[in-house]
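The values are calculated or read from the model by the stated rules, or taken from the named source; none is laboratory data. Since we're looking at a predicted model, the values are computed, not measured. Neighbour counts are summed over all protein chains in view; Cβ atoms, including those assigned to glycine, are modelled from backbone coordinates with ideal geometry. Protein only, heavy atoms only, side chains kept; ligands, DNA and RNA dropped before computing areas. Shrake-Rupley method; radii C 1.70, N 1.55, O 1.52, S 1.80 Å.
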Amino acid sequence: MRKFVLLPFLSLALAQVGLVDGPRPSTEVRGTLQGNAREGYSVVVEFLVEGGANPTQGMTTQPFSWNGRLYLCVSGCDYFTLSGYAPNTPYNGAVFDLYDSQNRLRGRASVSTVYDSQNRPSYHQVQYAVWPLQGARTWMPSPDNPVPLEAGGWLSARPPGGSARERYRYPGMESYRPPSVQGSILSGISPADRDVVAKSVLSSLADLRSFYARQPQGSTLWFFVPEVSVWTQTLAQEFRARNGGQERFVVPEGTARSYCSLYRSDTRYHVMPRESLAKEQSFAVIYPPSGSTQKGAVMAGRFLVDRPDWQETDYLSFTTPLSPTQEGLPEARALVWGYISQSNLRARVEFKEWGLSPFTNWTTSLGTRPSDWDGRFSAVVGRGDESFYLEGWASGATWSGARYFNVRDTQGRYRGYAYVYAQGGTTTLSNLGAYYDWGTTPEGIQFTYGGQTYTLSGCRLRTTSEWTCSVKDASGRDVGTAYLYAYFVSVDYTWLFNLYKVVLSTGLRYTGSAYLRGWQEAWRYASDNDRPVEAGGYVTAEGRRYRVPGLEGYLQPTGKDLEVAEGDPYVSYVTRSLSPQGNPLAGTGREEPKVWFKPLREWCAERGL
């Protein structure tokens with residue numbers, strides 16, 4: 001028969017290894033494992049970064065549709081790319097890594113979106129810091145060191161100077177599970193015995209009930225605890241309900257003294273031959289019925305006494321927004337459901353994405369365009385400034401009335417239609433003002449139209465009261481004719497000129513309106529649904545990694561676990577050999593039977609209590 005020894009693992013200090021399954025190659029991030037299995041492992045993480053002098057800093061503005069590339073001259077001129085940046089996306093001080101054309105990390109950039117008076121995204125302000133190349137790369141530690149090793153060998157650490165944590169796996173530790181109950185009697189089961197001893201943890205009432213139901217029906221549950229708390233009583237009641245067996249309580253002598261007056265006649269209570277027992281040393285043994293060949297089980301930890309605030313049921317079903325693990329990920333949400341105790345939580349992930357409206361939902365004016373207009377214009381239709389063009393447009397063409405054109409964006413997508421009017425010839429202006437005490441002729445009178453100033457010149461008297469003048473623009477060119485009435489004011493002996501009409505010659509120009517398909521937000525299911533919820537509450541869909549708020553402890557040690565061990569044949573052997581009901585020294589005449597576990601009533605009577 002095999003035998004295991006309840007001793008802790010020896011401390012290990014392993015060599016540096018490259019970390020895998022992360023955003024950087026294993027040649028650029030490494031870790032050193034430290035700690036032991038009983039107390040848990042941690043990793044000292046180092047990143048390979050460029051060394052150099054002080055960074056070159058600056059600020060620039062970029063359009064809202066900017067592609068996320070900067071052309072900078074630092075140790076030579078190059079294009080720098082913001083990792084994770086998405087065009088046409090509003091940001092508020094978001095920080096991105098800067099990589100050069102050789103995909104080397106060279107610095108950081110911060111992006112903030114500036115909005116117009118109608119609270120629409122207008123442009124980005126970009127602040128950057130770029131390190132010069134010095135030809136040397138240096139290993140630098142993470143500011144989080146040492147980081148705890150999580151279930152499956154995973155860990156999270158920030159790079160030097162970084163704000164977002166990156167997730168990696170320590171090779172060779174894929175089967176690692178952190179210790180859940182520090183210092184319990186089950187913490188140091190030898191690796192050589194794990195094939196015959198199934199060690200696990202109970203983290204909910206559902207776990208507990210399933211564990212009880214697996215044990216042979218009609219078993220006896222013995223608690224070895226410093227006191228019988230209300231929670232200990234609850235554990236016993238659950239055992240009776242799920243197993244149909246009975247419970248027994250064994251307490252130290254220091255507790256037994258106060259129990260004599262309370263539980264003297266209760267045959268479930270017994271006394272162990274020691275003065276006290278720490279809560280962390282509490283354990284319980286499930287003994288199979290007499291004559292049974294089935295297995296027994298052992299429970300250990302302070303939560304045999306202290307209530308761990310377990311949920312009544314660990315079935316979940318809720319919809320929640322997901323938290324991105326890095327900048328630039330689209331907004332996401334998920335329906336999460338399943339049982340925590342069965343480790344089968346699933347997530348049905350949806351992404352919020354921008355999509356084009358199936359119909360025209362934006363109208364924009366084309367303004368006034370000259371005869372050489374190329375048919376291109378820009379407009380804001382939900383996601384910042386965009387460029388469009390009229391399909392089939394020809395500059396300088398004329399027609400009567402309005403003409404219909406299809407509108408396409410720079411990617412050639414149909415985005416709506418436009419009506420355009422071609423206008424040319426003359427423009428007539430009326431009632432442009434009266435000029436008093438000007439002189440005997442209207443020569444030199446000025447007026448303003450369309451932001452330009454015009455001057456009357458070459459004036460001639462057509463009749464006794466009507467004048468005509470040429471109209472010159474600011475460059476001195478004749479651009480029209482002005483008509484005025486003249487009135488003599490006898491009281492003041494002066495003339496009043498009324499500029500009642502101006503006819504300006506105009507060139508060909510275009511006006512009109514466009515009716516466009518704008519952008520709107522829509523939810524789209526991930527193409528690889530449904531996704532498993534990973535340890536720590538993480539979920540990955542379409543290669544994008546998020547975290548489910550509130551599930552940070554999923555499949556992680558919570559500090560509120562009961563450790564249990566069950567196995568065949570060894571646990572059955574252990575539980576039978578320790579049975580308080582089977583005193584192996586009875587009838588031998590030796591002293592040991594006198595200090596064996598005694599019924600509380602007998603122990604109290606011996607001491608006159």
Checklist entry - Just for the Cα atoms in the stretch 56-134, what are the lengths along the principal axes, largest first, rounded to whole Å? => result 47, 20, 17
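What is the calculated FRET efficiency for Ser387 to Arg462, with r their C-beta to C-beta distance and R₀ = 56 Å, to the nearest 0.05? Can you show the working numbers first?
Values: r = 52 Å, r/R0 = 0.93.
Rounded to the nearest 0.05, the efficiency is 0.60.
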Checklist entry - Length gain on complete extension for the stretch Thr494 to Glu606, per 0.36 nm per residue less the alpha carbon to alpha carbon distance? => result 26.5 nm
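Once neighbouring chains are kept in place and the probe is 1.4 Å, which whole percent of the accessible area of the stretch 222-270 is contributed by carbon and sulfur?
On the way: 860 of 1990 Å².
Carbon with sulfur: 43 percent of the solvent-accessible area.
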Checklist entry - So, in nm, how far is label Gln446 from label Glu331 when the simple model puts each one 7 Å beyond its Cα toward the Cβ? => result 5.4
Checklist entry - How high is the FRET efficiency from Glu174 to Gln57, r the C-beta distance, R0 30 Å, rounded to 0.05? => result 0.10
Checklist entry - Once you put a point 7 Å from the Cα of Gln411 and another 7 Å from the Cα of Thr506, both along the Cβ direction, what distance in nm separates them? => result 3.8
Checklist entry - Which aspartates and glutamates have a Cα lying under 19 Å from the Cα of Lys472, excluding residues fewer than 8 positions away in the same chain? => result Glu443
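For the ranges 425-431, 363-369, 280-286, what's the packing order if you count other beta-carbon atoms within 10 Å of each residue, average per peptide, and put the highest first?
280-286, 363-369, 425-431
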Checklist entry - Applying 1/(1 + (r/R0)^6) with R0 = 35 Å to the Cβ-Cβ distance of Ser26 and Asp528, what FRET efficiency is obtained, to the nearest 0.05? => result 0.85
Checklist outcome for this item: Here, Tyr515 and Tyr115, labelled 7 Å along Cα→Cβ, have an inter-label distance in nm of 3.0
